Amino acid sequence: MRQFLVDAFAPKPFTGNPAAVCVMDHWPSDESMRLLARENNLSETAFLVGGNGRYHLRWFTPGCEVELCGHATLASSYVVMEHIEPNLNEVRFATLGGEVIVRREGRLFLMDMPTYELREVPVTNDMEAAFGTKPTRAMLGLDLICVFDDEQILRQMEPSQTLLERLPGRIQNATAGSTTCDCVSRSFCPKLSIPEDPVCGSAHCQIADYWCQELNKPEILAYQASARGGYLKCRPLGNGRVLVGGEASLVAIAEVVAPLEDATT
């Protein structure tokens, strides 16, 4: 089985968010996919089965399977359209989170992804304790989004993973307006066994909704202020959908030789 190592939201290797992408003829067992994801020790390993522009896509963290992952979807679309079916400019993925369509636009791969309705929730002492500084607002959808006034505080914060895990939401995000782009964000994922996601596409499905409304703009350029960093182009489409896009760079192609248990056994 071939496994591609791809940096997503990255114009060059060793930036953005790395993902492993496994292209298969049939499904191995769930346990085999969990073990390989744990072996890779990346925030996500993607598994693909399909062809002719239509694939079934699943994502595993080192700890569990997830229902939505932006950067590993971008990495998967890059692999399909650059290495598996290079004549394609669009690929459709069936996922646990619904169908995701990805289109190529120059060097960008634009993902048509579901978003989640946000509701404002009270800022709590627990949020202040977890992040080390008090947010000005808090929004909750699939993830928690805590809004801060100072992007420098956001860039320098060292939150408590233990306290973050007690907060609501799949992922605990910190975001602020920026002078160099529309917003900067960081995404912490202790519930998924990931201290910090280098660039989180699925979180920006919600972050984009917030900032487009706040700034009264149809689309935003967002920067994920992790150690690796990465830019995301985000455009809410309405009807619960949002375009999230970025570039991708290939780092390595490997052959997985360890035996994987077949899903039918």
Problem set entry | Extended-chain gain in nm, criterion 0.36 nm per residue less alpha-carbon gap, Leu221 and Leu250 | 8.1 nm
Exercise. Measuring from label point to label point, each 7 Å out along Cα→Cβ, what is the Cys64 to Ser193 span in nm?
Worked result: 1.1
Exercise. How much length is gained on full extension from Ala129 to Asn41, taking 0.36 nm per residue of separation minus their Cα-Cα distance?
Worked result: 28.8 nm
For this session: Rounded to the nearest 0.05, what FRET efficiency do Arg166 and Glu82 give with R0 = 30 Å and r taken as the Cβ-Cβ distance? Could you check?
Result: 0.15
Exercise. Which value results when the Cα radius of gyration for the stretch 119-237 is divided by 2.2 N^0.38 Å?
Worked result: 0.95
Seminar exercise, completed: Length gained if Glu105 through Cys181 is fully extended, taking 0.36 nm per residue and subtracting the Cα-Cα distance, is 25.3 nm
Problem set entry | Note, ³J(HN,Hα) from phi for the stretch 63-76, Karplus 6.51, -1.76, 1.60, rounded to Hz, x at Gly and Pro | x, 6, 7, 10, 8, 7, 8, x, 5, 6, 6, 4, 4, 5
Exercise. Over its Cα atoms, what ratio of radius of gyration to 2.2 N^0.38 Å does the chain give?
Worked result: 0.97
Exercise. So what's the angle, to the nearest 10 degrees on a 0 to 90 scale, between helix 30-40 and the longest Cα principal axis of the chain?
Worked result: 70
For this session: Compute the long axis of helix 201-215 from its Cα atoms, compare it with the longest principal axis of the Cα atoms of the chain, and write down the angle in degrees, 0 to 90, nearest 10.
Result: 40
For this session: Could you work out how far the C-alpha centroid of the stretch 90-120 sits from that of the stretch 125-176, in angstrom?
Result: 25
For this session: Using only the Cα atoms of the stretch 146-193, construct the convex hull and provide its projected area averaged over every direction, in square nanometres to one decimal.
Result: 3.5
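Every number in this text was worked out from the coordinates using simple rules, so none of it is lab data. The structure displayed is predicted, hence computed values, not measured ones. We place every Cβ from the backbone using ideal geometry, glycine too, and count neighbours over all the protein chains shown.
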